[in-house]
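Below is one structure; the comments refer to it alone.
Rule-based calculations on the coordinates, nothing more; no lab input. Not measured: the values here are computed from a predicted model. Using ideal geometry, Cβ is built from the backbone for each residue, glycine included, and neighbour counts are taken over all protein chains shown.
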Amino acid sequence: MRVYVAGTGRCLPPDVLTNADFARMVDTSDEWIVGHTGIRTRHIARTMKNVDMAEAAARAAMENAGCTPADIDMVVVSTVTPDRMYPALACDLQNRLDLPDVFCMDVSAACSGFIYAVDVAARRILTGGARTALVVASEKLTATVDYTDRTTCILFGDGAGAAVLRGDEKEGGGWLGSFLAARGDDGAALHCMPGGQLKMEGHEVFRFAVRVMPEAIEKLLGSTGHVISDCKFVIPHQANLRIIRAVQRRYALPEEKVVVTVDRYGNMSSACIPIALDELNQAGRLEPGDLLLMVGFGAGLTYGAALFEWGE
Ligand code: UT7
């Protein structure tokens, strides 16, 4: 049996903050932000709740997959910025989409969350617990951002990405595996207290990212028997263009293979990877047989990678 991506979707809230907007709010400049992060704009959910974005992305993915609510038998939502502590955002989403009484839960693995959520869904499908899973990563990080702290506020945006994963009897292809890990002893480097604001030691997270992304890539590809040059696209978590370019240089990858959205959307935590995936899909840039490598890191500190072979 295999598990493949049957459809993708995304939601970017309509309001946009530019670097010029930040230069009016804190002591910063377009030159500093672009030079240190690569970010130019980010979308922010002024009027939308997290569940509104999750719903829009999920509906788009279901439409793209050609499935109805009755087909969905599992919902996993990755979020660290839910509208409420509980119940799970996945249950709110189930209600919005009028889904049957199915498995619904949230995953809290921060920016690595989509890769974790896909792992949960894919393994449940492969062991017969579900046939069609809705996997959504939806984040309203700006609700936790301190807009007086220039070292963090310029980095983050809001958005949601979704994928419908489906199991069938074909052999090979689809989700080829993942490597997932965490280092809880480094957890203080990026955290948020209940009702509080995001706190980050940027240097520490930067160093962590540059160290663990290659580790995740190599452990995953070692287990699946692939090499990175086989991959059509690498979709890294979008925290900082300098981190993305460091990974690109390490493997001497051509620029066009490494997907970048951070310039337009900033860091949307776990929503970055599925939004980038949906952009590739909607632009018609994915063909059956293409290998896609996703790699992320984030609060936890968590990290991980997943490998897909595209195709129905
Ligand atoms: O999803 C995972 C989460 N996060 C990350 O992956 C973040 C990883 N870290 C980073 O992306 C980078 O460390 C940052 C973008 C957060 C910071 O960039 P940096 O090149 O490491 O800057 P820095 O912290 O070394 O700061 C250099 C200088 C400092 O001034 P002094 O002390 O040298 O006078 C900062 O105060 O730049 C200053 N600075 C700013 N200046 C203008 C920090 N933020 C700003 C700003 N505008 N927005």
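Which shape class applies to the chain: rounded if a/c is under 1.5, otherwise prolate when a/b exceeds b/c and oblate if not, where a ≥ b ≥ c are the square roots of the Cα gyration tensor eigenvalues?
Numbers: a/c = 1.65, a/b = 1.24, b/c = 1.34.
In terms of gyration-tensor shape, oblate.
Please compute one quarter of the surface area of the Cα convex hull for region 174-309 and express it in square nanometres. Intermediate results must be reported in sequence, preceding the final value.
Values: hull surface 34.0 nm².
Average projection, Cα convex hull of region 174-309: 8.5 nm².
Please state the relative contact order of the chain as a whole percent: Cα pairs under 8 Å, 6+ residues apart? Don't skip to the answer; put the middle values down first.
Values: 771 pairs, mean separation 83.1, N = 312.
Over the chain, the number comes to 27 percent.
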Check your understanding: Expressed as a whole percent, how much of the Cα-Cα distance distribution for region 234-312 exceeds 21 Å?
Key -> 24
Practice item. Pull out the extension gain between residue 185 and residue 101, defined as 0.36 nm times the separation in residues minus the alpha carbon to alpha carbon distance; nm, one decimal. Key: 26.5 nm
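How high is the FRET efficiency between residue 252 and residue 146 when r is their beta carbon distance and R₀ equals 41 Å, given to the nearest 0.05? Before the final figure, lay out each step's value.
Values: r = 38 Å, r/R0 = 0.94.
The calculated FRET efficiency here is 0.60.
What full-extension length gain, to one decimal in nm, is calculated for residue 263 and residue 63 as 0.36 nm per residue of separation minus the Cα-Cα distance? Numbers along the way, then the final one.
On the way: separation 200, 0.36 × 200 = 72.00 nm, distance 2.79 nm.
Difference between extended and current length: 69.2 nm.
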Point to revise | Alpha carbon centroid spacing (whole Å) that separates region 61-106 from region 177-222 | key: 26
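FRET efficiency for residue 32 and residue 218, Cβ-Cβ distance as r, R0 = 35 Å, nearest 0.05? Numbers along the way, then the final one.
Working: r = 34 Å, r/R0 = 0.96.
Plugging the Cβ-Cβ distance into 1/(1 + (r/R0)^6) gives 0.55.
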Review point. Where is the GNM fluctuation largest for the chain (alpha-carbon springs, 10 angstrom cutoff): 258, 136, 77?
Key: 258
Review point. In nm, what is the difference between 0.36 nm times the number of residues separating residue 287 and residue 41 and their Cα-Cα distance?
Key: 85.6 nm
Check your understanding: Which Cα, out of 29, 155, 64, lies furthest along the positive dipole direction of the chain (beta carbon charges, K/R +1, D/E -1)?
Key -> 29
Check your understanding: Just how far, in whole angstrom, is region 135-154 from region 262-312 if you go by their alpha carbon centroids?
Key -> 20
